[in-house]
Structures are given as structure tokens and as C-alpha cells.
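Undergrad: Following this message is one structure expressed as C-alpha cells.
Nothing in this text is a laboratory measurement; each read-out follows from the coordinates by a stated rule. None of these values were measured; they are calculated from a predicted model. Every residue, glycine among them, receives a Cβ derived from its backbone with ideal geometry; neighbour counts consider all protein chains shown.
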Amino acid sequence: MSNELSKLIGRIIKAPEGFLDQASLDEARKARRGFMGKALAMGAGVASAAVGSAALAAEGESAILNLPEHSKTLGQSVAALGYGMPSKWEQNLQRRESPGLTRVSQASVSFTPLQGLFGIITPSGLHFERHHQGWHDIDPSNHRLMINGLVKQERVFTMDDLMRLPSVSRIHFIECGANTGAEWGNVALPTVQYTHGMLSCSEFTGVLLSTLLEMCGYDKKNGKYVLAEGADGSSMTRTISIDRAMDDVLVAWAMNGEMLRPENGYPLRLVVPGVQGVSWVKYLRRIEVGDQRYDTKDETIHYIDMMPDGMHRQYTSVQECKSVITTPSGGQTLLDKGYYNITGLAWSGRGKIKRVDVSVDGGKNWRAARLETPILSKALTRFNIDWVWDGSPVIIQSRAIDDTGYVQPKLNQLRAVRGTKSIYHNNAIQSWKISSNGEVSNVQVS
Ligand SMILES: Nc1nc2c(c(=O)[nH]1)N[C@H]1C(S)=C(S)[C@@H](COP(=O)(O)O)O[C@H]1N2
Ligand SMILES: [Mo]
């Protein structure tokens, strides 16, 4: 990287929750001015360049001139026996409950801090959680999975039985159907953690549901649907078509290389790639094969789409193509003009991401972002694009296109079809406004 370019690199304050008090903001700005005074005066001219590391001018930098304590002393031996934890300096990166939601003990949700993550895999400790009746830490030796209904042989599996079967490992996103649901009518939440944080992506390991259905000899003529049931008290039961069940659905026990976490369904959960989170039944204990849809409570009074004409749609379970810029995003602050790497995530419940466009002028002009590999079907895809901020107020947006050719809609395009009364399946383009003082906020534009 050229010396000139290195001076152009702007800095972002990534507030943990997306909020900074005025005092720490002023302090950060002051420190920044002292450090980069000259660069600011130069203005920004380099539109795109390969930026490796954001090395700042080293002159007089005490952290370079003086050997720090840790290079003159012995380090500790093993960090901790047992399970490792992130650095204490990263403590602010946490799952959080939304400030806007009523909290009741029976039903709860905690959101993934998308603004602080890299790549596509969500660390298991930051995976979002949604519980309709609280979570449990179930003893796996007492857990059973039953397969019944239209099958030649009904069977009950122990965890040991299941884990002896041929397994597969797949990377997939999970998104709650209610993700971004608060934003249908107007701007509701300040940060990407709360607007989009019911979204995570992991590698899951388990046995294909098709393997189990074949083992039980499911009725190929009359078996049209399966019902999945969880072992918690939420009566979480969901209908899944037999075609999907026989395609890529997993009965999973592992996530990101280790057994599932209790909050994510330990010891067994359903993984239904591309489909809204509610169908990913946790604490899975029963699969029934049937000849018609079950129309359970979570398919008739919940997880339905209220349409403008007063009718509602049922069984709209696929998570359509969507994307969001995670940095810069609501609650963060750009400390000066200059180069920034705009980064974000794109996904589609129908397949792979083909392209992501980014606009820095409220949707007038679009440039194609770089897609990072791997680009997997029904998984998050990371995108990056170079940008030089000239200090004027701007609106930044991302727009994803999947390999079916579907284009992520603008908010008003979505509202034209869906109205504003829905909760579920809001996959509209997200707009972030950057004010001239660098503050980033959630806005809606037509
Ligand atoms: N048994 C059971 N399974 C469940 C739920 C639940 O409350 N109980 N919540 C569902 C909903 S609405 C979602 S969005 C996902 C969330 O999965 P996670 O908690 O692992 O993020 O689990 C689904 N599976
Ligand atoms: Mo959900």
C-alpha cells in the first residue's frame, strides 16, 4: 500500500451495542485529529485500491518506539485448561436482547452482533436464540427420536443410534422469519444487531432426514408431508413437504465442529436449509409422516403474512434473497473522511448469491461488490467493496441477486405487494444514512 493511500484510510468507531456516549465519541475524534491531521487536509482521491492493512503513519508512535511489557516478560502458560474464551478486550461483543421487545419469561430472543463478525461463520457463542418456551439442557442419554405415521416400520432412535449412521456436514444460514419484522411500517431499531440479528450461519453435522425416512420405509405414494415436533413445552410443530424432507433436511447434533449448544437445540435439531428458522425444530423428538398438511398453531395463527387486502398467506416459508451492510451500520461512527471497506452479508433460501450491488447515493447508482469465497447454496456470502467518503451526507445500501435471477426488492416495491401490516419475511433493501459528522443511522428511503 502506498504511503499516500495509507494516510487516506478512515477509521470507524464500532460501538459495541451500536451506541456511544458523547464523551467517548469526542475523545475518539480528538485522538483521531491529532494522529491524522495532515491526511484530513489532503482530501480523498483514490477511488479503489487494494488495501491490505490499515497501517497508520508510524512517526513518533509510542507503541512502536517503546517495547511493550509483553515483549519483555514471560507469557502465561496455557490460557485456561478446559474451554477457551475470547480475549477480554472483546467483551463488548455479545448477544443482546432487543430494547424494543417486551420481555416475558416464556418467550425470548437474543440477537447476533452482525456488526462485529467477519467472514460467514457465526461463532457458536454468538448464534442468535429464539425460544417459545425457554431453553433446556437435555440429558442426551435419555433423549429419543421417534419416526411414525405413514411408514412401514415405526422406530425410536437413541442418540447413539443416530450418531452411528452416515453423517454429512453442511454450511447453512438460519434466519428467523420475523427478522427485520419491526421495520415494516417505519424505522424501528437503531442497529444491524437488532434489525438483522436473528440471522446466523454455521456448519451443521447430522444424518440426512431422507436416510431415516428410507430406513423406516416411508409411504412413497401417500406420504406427502412430515410433521416435526420438539421436546420443549412450546408445542413447536411444523409441517414440511416430503420433497423438501427427502432433499437436504438434516437431523443434526453438531454445530461448528462440536455438539449443539443447549440454546440451539442440544442434543438434536432439525436443519431445514433455506427455510425460516421456526421450522428448524430444536430438541427434536418426533417426525411423523402424513398425507396432508398439519395446520398447527404455528402455521395458522403465527408465521402467516398479513396482506393489504386483509387476507393472510400461509406456508410462505422460504427466506427470499436478502442482504445487509454490516459496516458501516447504524450506531457506528466514521471518524474522518477517506477510504473505507464497506462490508456485509447476502443470502438466499433458494440457492447461491450471484451478485451484490452497493449504492452510496441512496440507490441512484450501483457498483458490484466483491464476493468472498466460499459462495455456498443457502449460506451467508460475505461481500466487500472499496469506498472513499468525501465527508458529505450519504445513504448506503446493498442489493443482492441470487442464482434464480431474483433481485432483492426496495422497501416500497415490497410494500406495494405486501402492505405494512406484516411481521414476517421482510427482505427489503436496508438503508444506512451517514451524516456529515460521521454518525450512521437507520433510515428508510423510497
Ligand atoms: N423446540 C423448539 N424449536 C424451535 C423453537 C422453539 O421455541 N422450540 N424456536 C424456533 C424459531 S422461531 C427459530 S427462529 C429457531 C431459532 O433457532 P436458534 O435458537 O438456534 O437460533 O428455532 C426454532 N425451533
Ligand atoms: Mo423464529
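Undergrad: Note the angle between two axes, namely the Cα long axis of helix 22-42 and the longest principal axis of the Cα atoms of the chain, as a number of degrees from 0 to 90, rounded to the nearest 10.
TA: It is inclined by approximately 60 degrees.
Undergrad: Over the chain, what relative contact order in percent results from Cα pairs under 8 Å that are six or more residues apart?
TA: Relative contact order here is 18 percent.
Undergrad: Of T333, W366, N148, which is farthest along the charge dipole of the chain in the positive direction, counting Lys and Arg as +1 and Asp and Glu as -1 at C-beta?
TA: W366
Undergrad: For a test of the definition: using alpha carbon positions, the gyration tensor, and the 1.5 limit on a/c, classify segment 252-408 as rounded, prolate or oblate. Mind showing how you got there, number by number?
TA: Details: a/c = 2.39, a/b = 1.74, b/c = 1.37.
Prolate, since a/c reaches 1.5 and a/b exceeds b/c.
Undergrad: Could you let me know the centre-to-centre spacing of segment 171-225 and segment 230-269, using Cα atoms, in angstrom?
TA: Here the answer is 10 Å between Cα centres.
Undergrad: So what is the 222 nm mean residue ellipticity for the chain from helices alone, if each DSSP H run of at least 4 adds -39500 (n - 2.57) and you divide by all residues, rounding to the nearest 500 deg cm²/dmol? Kindly include the intermediate steps, with their values, before the conclusion.
TA: On the way: 9 runs with 66 residues, N = 446.
Helix-only estimate at 222 nm: -4000 deg cm²/dmol.
Undergrad: Also, quick follow-up: Mean shadow of segment 281-329, computed from the convex hull of its alpha carbons, in nm²? Numbers along the way, then the final one.
TA: On the way: hull surface 26.4 nm².
The Cα convex hull of segment 281-329, projected and averaged over all directions, gives 6.6 nm².
Undergrad: Explain nothing, just the number: dipole magnitude of the chain about its Cα centre with +1 on each Lys and Arg Cβ and -1 on each Asp and Glu Cβ, in debye rounded to the nearest 20.
TA: Approximately 660 debye in magnitude.
Undergrad: Please compute, for the alpha-carbon atoms of segment 265-355, the extent along each of the three principal axes and give them in descending order in Å.
TA: Computed over the Cα atoms, the extents are 61, 43, 27 Å.
Undergrad: Same structure again: Given a cut-off of under 8 Å on Cα pairs at least six residues apart, what relative contact order in percent is computed for segment 304-446?
TA: In percent, rounded to a whole number, it is 31.
Undergrad: Right, something else. In a Gaussian network model over the chain where Cα atoms closer than 10 Å are linked, find which of R164, R261, R370 has the largest mean-square fluctuation.
TA: Largest GNM mean-square fluctuation: R164.
Undergrad: In the chain, what is the volume of the convex hull around the alpha carbon atoms, normalised per residue and reported in Å³? Before the final figure, lay out each step's value.
TA: On the way: hull volume 73.8 nm³, N = 446.
Taking the convex hull of the Cα positions in the chain, it is 166 Å³ per residue.
Undergrad: Ranked from highest to lowest mean number of other Cβ atoms within 10 Å per residue, what is the order of the peptides 238-245, 111-118?
TA: The densest-packed peptide leads the list: 111-118, 238-245.
Undergrad: Which order do peptides 61-68, 411-418, 323-330 fall in by mean Cβ count within 10 Å, highest first?
TA: Answer by packing, highest mean first, reads 323-330, 411-418, 61-68.
Undergrad: From the gyration tensor of the Cα coordinates in segment 346-400, what semi-axes in whole Å does the equivalent ellipsoid have, largest first, with each one equal to sqrt(5λ)?
TA: 25, 11, 8
Undergrad: Assign one of three labels to segment 166-206, namely rounded, prolate or oblate, based on the Cα gyration tensor with a ≥ b ≥ c the square roots of its eigenvalues; rounded applies when a/c is under 1.5, prolate when it is not and a/b is larger than b/c, and oblate otherwise.
TA: Judged from the Cα gyration tensor, segment 166-206 comes out prolate (a/c at least 1.5, a/b above b/c).
Undergrad: Before anything else, pin down the relative contact order of segment 198-324: Cα pairs under 8 Å, at least 6 apart, normalised by residue count, whole percent.
TA: Once normalised by length, the contact order is 27 percent.
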